[in-house]
1. So which residues in segment 137-154 are out of contact with any helix residue (DSSP H, G or I) (no Cβ under 9 Å at 6 or more places or on another chain) and either small (Gly, Ala, Ser) or at pLDDT 85 or above (or both), if there are any at all?
2. Just name the residue that is farthest from residue 39 (Cα to Cα) out of those in segment 110-123 that are touching a Leu at 6+ places or on another chain (Cβ under 7 Å) and open to solvent by less than 70 Å² (accessible area, probe 1.4 Å).
3. Just one of (1) in contact (Cβ under 8 Å) with a residue 40 or more places away in the chain; (2) of a type in the set (A, V, I, L, M); (3) in a strand (DSSP E or B) trips up residue 156, so point out which.
4. Does at least one position in segment 20-36 carry a residue that is at pLDDT 90 or above, out of contact with any His (no Cβ under 6 Å at 6 or more places or on another chain), closer than 25 Å to residue 152 by Cα and not β-branched (Val, Ile, Thr)?
5. Can you tell me which residue in segment 72-89 is farthest from the chain's Cα centre (by Cα), limited to those that are of a type in the set (D, E, K, R) and over 16 Å from residue 60 (Cβ atoms)?
6. Restricting attention to segment 130-153, which residues are in contact (Cβ under 8 Å) with a residue 24 or more places away in the chain, open to solvent by 10 Å² or more (accessible area, probe 1.4 Å) and outside any strand (DSSP E or B)?
7. Kindly establish whether residue 212 is modelled with pLDDT under 85 and open to solvent by 80 Å² or more (accessible area, probe 1.4 Å).
8. Is it the case that residue 73 is open to solvent by less than 10 Å² (accessible area, probe 1.4 Å), of a type in the set (A, V, I, L, M, F, W, C) and within 14 Å of residue 45 (Cα to Cα)?
Amino acid sequence: MATFDGLFDPAKVAEKRRQDAEKREALTRIKAWAEELLPEPARGRLKVTVNEVVCGDPACAPIDTVVEFWGELRTGFGMPSRAAEVTHADLVSFLPDEDVLVAWARGFDAEWPKPAPPPSIKPEFSPGDDVEAWLGGQWQPAIVTSVWHREKGWPLDAYVPYRVDVIDTMRTCYAPTMSHVRARRRSRSRSRSRSRSRSRSRSRDRGENRVFPTPHEPSWRFDVGERVACKMGEDTWLPGTVELRDEPDPAAYPGFALLPYVVRIDDGFRMVSAAQDNDAFIVAERDMPVAAEGE
């Protein structure tokens, strides 16, 4: 008769049972702590559950202890350690603020951890203003719906100065910098805007809704509308007008970088970018090298 003496190690089985019992006890203890720490307005509205979760990300702890709150929403947080290692002080340090817990209990999806405050710079336009937004390589009529906007899940310091609804498509888009929005030019016909909007639809679908970190505007040498000259070749300079500042550089994808200027050349149909804000790429029109006068 075959024997299986080596198949089961009584010591290992006993240790596994001990660890399971320790885990159950720890999970029960953490749940009781979390329920005690709930603010009065949230008690009875939020059901607490505690579990261990294996994290597959090599940058994080192998096992997280996750505390979840169940009400109108499912929310919670994780602690990078096994349940048996979590202390009361650990739970207190990770627990959301009282106002966040109360918001969750009332069905509001408040962010936790809390994001950084928005930039102190006041945008030129306000919600409800009629504007034009630079999207898909052209200016499109839009309405501002929010300023210094962010969405849950963005990096905690990430804001965009404007969220807008594009009038021709009613698509919600984000303006990564203030210079991506300008006052609407009433002389532009709706039909032309609508036609150009359709022709640029693929450009919008390629990611014009990407979210970028909060812009920190540099000290530009030239304003939008100012006359400049751009270097177009080894010895060629062409005059034009600054159309936009801080345009996302497509060559940086999947990363992110800003081109200091987009310039409309005087031939009327070319838009070029200046890679850097210095005299090697862009100068005031009055300083355009003499060799370019015949261009």
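The values are calculated or read from the model by the stated rules, or taken from the named source; none is laboratory data. From a predicted model like this one, the values you see are computed outputs, not experimental measurements. No Cβ is skipped: glycine too gets one built from the backbone with ideal geometry, and neighbour counts run over all protein chains shown. Surface accessibility is based on the protein's heavy atoms, side chains included, excluding ligands, DNA and RNA. Shrake-Rupley method; radii C 1.70, N 1.55, O 1.52, S 1.80 Å.
1. Keep residues of segment 137-154 that are out of contact with any helix residue (DSSP H, G or I) (no Cβ under 9 Å at 6 or more places or on another chain), which gives 142-154.
Passing the criteria: 142, 143, 144, 145, 146, 147, 148, 149, 150, 151, 153.
2. Going through segment 110-123, the residues touching a Leu at 6+ places or on another chain (Cβ under 7 Å) turn out to be 113, 115-116.
Right, trim to open to solvent by less than 70 Å² (accessible area, probe 1.4 Å) and you get 115-116.
Details: 115: 22, 116: 24 Å.
Among residues in segment 110-123 that are touching a Leu at 6+ places or on another chain (Cβ under 7 Å) and open to solvent by less than 70 Å² (accessible area, probe 1.4 Å), the one farthest from residue 39 (Cα to Cα) is 116.
3. Here residue 156 meets the rest and fails (3).
4. To start, the set of residues in segment 20-36 that are at pLDDT 90 or above comprises 20-36.
Narrowing further to those that are out of contact with any His (no Cβ under 6 Å at 6 or more places or on another chain): 20-32, 34-36.
Add one more test, that the residue is closer than 25 Å to residue 152 by Cα, and what stays is 34.
Now restrict to residues that are not β-branched (Val, Ile, Thr): 34.
Yes: segment 20-36 contains one or more residues that are at pLDDT 90 or above, out of contact with any His (no Cβ under 6 Å at 6 or more places or on another chain), closer than 25 Å to residue 152 by Cα and not β-branched (Val, Ile, Thr).
5. So the residue we want is 72.
6. 137, 150, 151, 152
7. Values: modelled with pLDDT under 85: yes; open to solvent by 80 Å² or more (accessible area, probe 1.4 Å): no.
Taking the combined requirement at face value, the residue does not satisfy it.
8. Details: open to solvent by less than 10 Å² (accessible area, probe 1.4 Å): no; of a type in the set (A, V, I, L, M, F, W, C): yes; within 14 Å of residue 45 (Cα to Cα): yes.
Considered against the rule, which asks whether it is open to solvent by less than 10 Å² (accessible area, probe 1.4 Å), of a type in the set (A, V, I, L, M, F, W, C) and within 14 Å of residue 45 (Cα to Cα), residue 73 comes out as no.
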